[in-house]
């Protein structure tokens, strides 16, 4: 599964464990971008970083502005210097803003829960003292429900910290996970290609192969598979935990594509929403396989 990582136990309890709450219908894990449309992205790593940084700043600019808040430029408490809860991908980008309000943490928390954020929904929250939260700490997270094609996850996390005899501090973190750049030079070249699909069926326990079926595709279908591979996205480097749960007979698909003197192998369904890829036996970036690629493989 895709993880959300907590930098403090309080934040994990806040949004994912006992004493936590999520808004109705809120997604618990980020969803990959729709890959049914034609994909023509050729961004370099530098360009993708710039796109992601700009989108992260846009989310921060769309934050809810509360009456009476002022910019805070003083010493930041240690627990507010980094977000206490983050998307579990190592390529995330974070932008932050600090403000102060002469108001109680409880009242600010209630105002934030009712706030409207553009293109977002309330994704999680923990009130003052809930779970492992301290007596003056609260948090609210807004998840983006619409994203640019190259972005996988976007959110605004607002952490509220009350202070005795001083205005309450708000640490606001915009966090975005992009698809890594995938230049055209790293995809399967256009030209003649051959392909096979191997369907492998396993028994549930003990987990062993019970059937194997290999199909060699015709040239037209092989080219469609190449196009569908190139129309997919590089999967973000998610931090994953656990393994696939096998509840019954399971089927996997191994796709082999030969083009331009090289072999690409893709294993479906993959793990952590990512399908492993090798090129000439060496690991290549995993992909979030598009619907067309999955459909072509499963028809064999």
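A few notes on this one:
- Unmet requirement for residue 18, which otherwise passes all of (1) on the phi < 0 side of the Ramachandran plot; (2) modelled with pLDDT of 95 or more; (3) out of contact with any helix residue (DSSP H, G or I) (no Cβ under 7 Å at 6 or more places or on another chain): (2)
- Residue 88, sole failed condition from (1) crowded, with 20+ Cβ neighbours inside 10 Å; (2) under 25 Å from residue 237 (Cα atoms); (3) modelled with pLDDT of 95 or more: (3)
- The sole residue among 100, 67 that is at pLDDT 95 or above, farther than 11 Å from residue 178 by Cβ and in contact with a strand residue (DSSP E or B) (Cβ under 6 Å, 6 or more places away or on another chain) is 100.
- Counting residues in the range 182-200 that are crowded, with 22+ Cβ neighbours inside 10 Å, closer than 22 Å to residue 78 by Cβ and touching a strand residue (DSSP E or B) at 6+ places or on another chain (Cβ under 9 Å) gives zero.
- Conditions (1) closer than 20 Å to residue 57 by Cα; (2) in contact with a helix residue (DSSP H, G or I) (Cβ under 6 Å, 6 or more places away or on another chain): number failed by residue 86: (2)
This table checks each residue for (1) modelled with pLDDT of 95 or more; (2) surrounded by 20 or more Cβ atoms within 10 Å (Cβ to Cβ); (3) outside the structural domain of residue 95 (by TED's automatic domain parsing).
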site	(1), (2), (3)
109	yes, yes, no
113	yes, no, no
116	yes, no, no
119	yes, no, no
131	no, no, no
135	no, no, no
154	yes, yes, no
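- Identity of the residue in the range 212-246, outside any loop (DSSP other than H, G, I, E, B) and at pLDDT below 90, that ends up nearest to residue 180 (Cα to Cα): 238
The values are calculated or read from the model by the stated rules, or taken from the named source; none is laboratory data. These numbers come from a predicted model, not from an experiment. For neighbour counting, all protein chains shown are included, and Cβ atoms are generated from backbone atoms with ideal geometry for every residue, glycine included.
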